[in-house]
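Q: The following block contains the structure, expressed as structure tokens.
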Amino acid sequence: MQKYCKNLESDHFTKIKNRGKWFEEGAEIYAKEIRENIFLLFIVLKDSENEDIKALIAKFYGADTIGIREPEQIMFYLSVKCKEDLHYFEKYIKNTESEPAKLK
């Protein structure tokens, strides 16, 4: 999974400092705006035994609130614990990219 985290920054994701209480202390946040104020986030949680990745599509009040405040709305959430989970997420993203967004 570390391989995927390294690819995030090279794939136009911005690493954001976690300054709030919504994500655990020490969490690494990678964000990419996919629509106005709607972001694709990867949150990497590290403890002494595991590395856990959370994938979210969420609406924030603005990019500057990520890592500080909770999102306004969570539209998709996935806990990535193994390669298969990531495969399902990639499949979901490809399906949503091929369909026009219907945001109001």
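Q: Would you calculate the separation in nanometres between label points at TYR77 and LYS6, each defined as 7 Å from the Cα along the Cα-to-beta-carbon direction?
A: Here the answer is 3.1 nm between the modelled labels.
Q: Using modelled amide H (1.01 Å from N, peptide plane; none on Pro or chain starts), what sits under 5 Å from the amide H of PHE76, excluding residues fewer than 5 places away?
A: ILE57
Q: Right, next: Leaving out ligands and nucleic acids, note down the accessible area per residue over segment 13-86 with a 1.4 angstrom probe, in whole Å².
A: Working: 4450 Å² over 74 residues.
Each residue of segment 13-86 exposes 60 Å² on average to a 1.4 Å probe.
The values are calculated or read from the model by the stated rules, or taken from the named source; none is laboratory data. Bear in mind the structure is a predicted one, so any value in this text is a computation, not a measurement. Neighbour counts are summed over all protein chains in view; Cβ atoms, including those assigned to glycine, are modelled from backbone coordinates with ideal geometry. Note: accessible area is taken over every heavy atom of the protein model, side chains too, but ligands, DNA and RNA are not part of it. Shrake-Rupley method; radii C 1.70, N 1.55, O 1.52, S 1.80 Å.
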